[in-house]
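To start, the structure itself, in structure tokens.
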Amino acid sequence: GKAGAAEMVGVEGEGRAVAIERMKAVMAFYVASLHLVSGFCLKPLNPTLGETYSAELLPTSSSSSPTTIHMEQISHHPPVASYLVRGSGSTPNSRWQYHGNMAYSASFGLNEVRIAPSGSRVFTFSPPAPGLAPQKITLAVPADTFSGVMWGSYAHNTTGIAEFVDAANGLRGELRFGRPKGTVERSLAAQLPDRGDTVVGGVWGKVA
């Protein structure tokens, strides 16, 4: 899950290979945290304005590093929360941060609620090689539909496309989610900025 983020981003190496591996690690991080959306919310869904939350995820192995989390509710209506998650390892590739703000809009059907997220989500890493700029990966996430809210079996489906973009390195990744069976196809297309060739690609997992 999210507790393993410090380990997943600790990729060693230089240049473009590091940038691609970091992109893949961020996509894996997103997939590993999806289960937290389905009924595992431990904090209030609508915190009070100015409420804060801080935590530290301790290393799970000798090769990982502590991860700190800071959050604050910065708007009550509409509800918006800002966050900063930071890895503080001893190597350049284990020093990273994930920051942004989370906002949501809701629409209601006869027996379901659809949540459409908005806001900014940015992963920032150290430069993948000397002389390069810090690597930034932006994340746009799809909508969530919760059905069975009034009667019948409760179900949660993520629908749409999660998009990961590293503009400076010409990388783009997609996770495509379908409905009604909750099918997910996970693929990574790493594009060279000058030719548009696919460096890494294909469906690398399917869950029905």
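The values are calculated or read from the model by the stated rules, or taken from the named source; none is laboratory data. No experiment lies behind these values; they were computed from the predicted model shown. Virtual Cβ from ideal backbone geometry, glycine too; neighbours counted across all protein chains shown. Side chains are part of the model used for accessible areas, which takes the heavy atoms of the whole protein and leaves out ligands, DNA and RNA. Shrake-Rupley method; radii C 1.70, N 1.55, O 1.52, S 1.80 Å.
3J(HN,Hα) couplings calculated from phi for the stretch 98-110 with the Karplus curve 6.51 cos²θ - 1.76 cosθ + 1.60 (θ = phi - 60°) are, in sequence order, 10, 9, x, 9, 10, 9, 9, 10, 10, 10, 10, x, 4 Hz; Gly and Pro show x.
At R0 = 45 Å, how high is the FRET efficiency between Thr91 and Thr159 if r is their beta carbon distance? Nearest 0.05 is fine.
Details: r = 38 Å, r/R0 = 0.85.
Computed FRET efficiency for Thr91 and Thr159 comes out at 0.75.
Give me the Debye-computed log₁₀ of I(q)/I(0) at q = 0.11, 0.15, 0.17, 0.22 Å⁻¹ for the stretch 69-176, equal point scatterers on Cα only, no solvent, two decimals. The calculated log intensity ratios at q = 0.11, 0.15, 0.17, 0.22 Å⁻¹ are -0.49, -0.80, -0.94, -1.19. Note on the stretch 122-183: Rg/Rh from Cα positions, Kirkwood definition for Rh, rounded to two decimals, is 1.23.
Between Thr68 and Val37, the C-beta separation translates, for a Förster distance of 22 Å, into a calculated FRET efficiency of about 0.50. The listed residues Lys24, Lys136, once ranked by accessible area (1.4 Å probe) with the largest placed first, stand as Lys136, Lys24.
Here the simple spin-label model places points 7 Å from the Cα toward Cβ, and for His99 and His77 these points are separated by 3.1 nm.
Projecting label points 7 angstrom from Cα along Cα→Cβ for Ala116 and Ala133 puts them 3.1 nm apart.
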